[in-house]
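Student: Handing you a structure now.
The values are calculated or read from the model by the stated rules, or taken from the named source; none is laboratory data. Because the structure is a prediction, the values reported are computed rather than measured. Positions of Cβ are backbone-derived with ideal geometry, glycine not excepted, and every protein chain shown enters the neighbour counts. These accessible areas exclude ligands, DNA and RNA; they are computed on the full protein's heavy atoms, side chains included. Shrake-Rupley method; radii C 1.70, N 1.55, O 1.52, S 1.80 Å.
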Amino acid sequence: MRILVTGGAGFIGSHLVDKLMENEKNEVIVADNYFTGSKDNLRKWIGQPRFELIRHDVTEPLLVEVDQIYHLACPASPIFYKYNPVKTIKTNVIGTLNMLGLAKRVGARILLTSTSEVYGDPLVHPQPESYWGNVNPIGVRSCYDEGKRVAETLMFDYHRQHGIEIRIARIFNTYGPRMNIDDGRVVSNFIAQALRGEPLTVQKPGTQTRSFCYVSDMVDGLIRLMDGENTGPINIGNPGEFTMTELAETVKELINPGVEINMVENTPDDPRQRKPDITKAKALLGWEPKVKLRDGLPLMEEDFRLRLGVTKKK
Ligand SMILES: NC(=O)c1ccc[n+]([C@@H]2O[C@H](COP(=O)([O-])OP(=O)(O)OC[C@H]3O[C@@H](n4cnc5c(N)ncnc54)[C@H](O)[C@@H]3O)[C@@H](O)[C@H]2O)c1
Ligand SMILES: O=C(O)[C@H]1O[C@H](OP(=O)(O)OP(=O)(O)OC[C@H]2O[C@@H](n3ccc(=O)[nH]c3=O)[C@H](O)[C@@H]2O)[C@H](O)[C@@H](O)[C@@H]1O
């Protein structure tokens, strides 16, 4: 099987590549423009005959002969996707069109990593796939959430009009080793702050919730979706739901009990609650997450300690 992973130098992408490369029958090609990803994440595969890394921006067409396309390329942290919103929406719309064009030309199956942000600030809780969402179409997050909604539309139009084999995963907040230390997302922020002895910055009101999925569970879900028979969309996430204040308290307890927790200003349109309904993933993919937050955080702490050069006090 020859597999293209766009965005494969990023956080989830590089873990996905590790898993795909474990199968000696697979050849993996990564296309990435290194906006938020890094060659470092793929260091162990560079030079391996079954692996190829291409510097490529998905807003430009790409021609490679592949059987499957995992289309992940897109900045994911709100700080980065809001940095150049026009580029973010181009990546979601033109990038997805280009990858669908490639899928059509070479007859490949394509999986899109969509997001729980398609549900916006949800009025239904937890969120099933049948919920159409509550999204601001002109807000500062729209380049990302509306961008992904258009990407989903394009996937289904290509499927209905051209018979392309599609898969759509709606990913909920995922965390784990290799997240950028200054990525800006909440779990990486809190762990880096705790290790540096800086106050944990809880954005107000702190009662907003998220549900955090460990990256190995996520990769397992994505591969099951790609290799199974269902187009989706299917929610992939961990239903364990926490307020941001609870998350800060957990990180403090596990990593640095001496650290302070500060309340800081939030950004516009921050969703107030988010939790996946994973009934479909369980029934159709036989998938459910295995790693609890309290078990996943220490694994991420270890990686952050190494990269920050902070050793554990005995
Ligand atoms: N991590 C999460 O919690 C989460 C949640 C929902 C959805 N997702 C989706 O999963 C995918 C991966 O997210 P991640 O957390 O690994 O983020 P990430 O920022 O670590 O990875 C994204 C990768 O895409 C690359 N990229 C960005 N724009 C590109 C372009 N125009 N052309 C080529 N490459 C480009 C980046 O350089 C990076 O390597 C994204 O599509 C994201 O929307 C992630
Ligand atoms: O899972 C998803 O679907 C989406 O989730 C995230 O978006 P978001 O949930 O806003 O992620 P964070 O930036 O990590 O914020 C989570 C919560 O933590 C809060 N936060 C963030 C950072 C911080 O330092 N402190 C803090 O309290 C935010 O206000 C927010 O309520 C991801 O970054 C998106 O890529 C992804 O598509």
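Student: Using just the alpha carbons, could you tell me how many Å³ per residue the convex hull of the stretch 1-121 encloses?
Tutor: 103 Å³
Student: Let me ask something else about it. Taking the chain as the reference, fit the longest principal axis to its C-alpha atoms, fit the long axis of helix 142-162 to the helix C-alpha atoms, and give the angle between the two in degrees, 0 to 90, nearest 10.
Tutor: 30 degrees
Student: Still on this structure: Which FRET efficiency value, to the nearest 0.05, is calculated for V150 and L299 with the Förster distance at 25 angstrom and r the Cβ-Cβ distance? Please report the intermediate quantities before stating the final value.
Tutor: Numbers: r = 35 Å, r/R0 = 1.40.
Between V150 and L299 the formula returns 0.10.
Student: A further question follows. Once the chain is represented by equal point scatterers at the alpha-carbon sites, with solvent omitted, what log10 I(q)/I(0) does the Debye formula produce at q = 0.10 Å⁻¹?
Tutor: Ignoring solvent entirely, the Cα scatterers give -0.54.
Student: For every helix of n ≥ 4 consecutive DSSP H residues, a contribution of -39,500 (n - 2.57) applies; sum these over the chain, divide by its total residues, and give [θ] at 222 nm rounded to the nearest 500 deg cm²/dmol.
Tutor: Computed ellipticity for the chain at 222 nm equals -11500 deg cm²/dmol.
Student: Apply 1/(1 + (r/R0)^6) to the Cβ-Cβ distance of R105 and D182, taking R0 = 30 Å, and write down the FRET efficiency to the nearest 0.05.
Tutor: Values: r = 38 Å, r/R0 = 1.28.
Plugging the Cβ-Cβ distance into 1/(1 + (r/R0)^6) gives 0.20.
Student: Moving on to the next point. If I model a spin label as a point 7 Å beyond the Cα along the Cα-Cβ vector, how far apart are those points for K39 and V86 in nm?
Tutor: Here the modelled spin labels are 3.0 nm apart.
Student: A further question on this structure: Based on Cα positions only, what radius of gyration and what Dmax would you give for the stretch 243-314, in angstroms?
Tutor: 16.5, 46
Student: Still on this structure, please answer the following. Heads up, I need the accessible area for I278: 1.4 angstrom probe, whole protein in place, Å², nearest 10.
Tutor: 10 Å²
Student: In the stretch 174-274, what % of DSSP beta bridges are antiparallel (nearest 5)?
Tutor: Close to 35 percent.
Student: For the chain, what is the relative contact order in percent, using Cα pairs closer than 8 Å and at least 6 residues apart in sequence?
Tutor: Result for the chain is 17 percent.
Student: Next question. Using a 1.4 Å probe on the protein chains only, how many percent of the accessible area of the chain belongs to carbon and sulfur?
Tutor: With neighbouring chains kept in place, the figure for the chain is 51 percent.
Student: Need the full-extension length gain, D157 to T311, defined as separation in residues times 0.36 nm minus the C-alpha distance. One decimal, nm.
Tutor: Using 0.36 nm per residue and subtracting the Cα-Cα distance, I get 50.3 nm.
Student: Another one. Between the helical axis of 215-227 and the dominant principal axis of the chain, each derived from Cα atoms, what acute angle in degrees is found, rounded to the nearest 10?
Tutor: That works out to roughly 20 degrees.
Student: Could you pull the accessible area for E229 with a 1.4 Å probe, rounded to 10 Å²?
Tutor: The value for E229 is about 150 Å².
Student: Keeping all protein chains in position, work out how much accessible area D57 exposes to a 1.4 Å probe, and write it in Å² to the nearest 10.
Tutor: Accessible surface of D57 is approximately 40 Å².
Student: Find the accessible area per residue for the chain; the probe is 1.4 Å, ligands and nucleic acids are left out, and the unit is Å².
Tutor: Accessible surface, normalised per residue, equals 45 Å².
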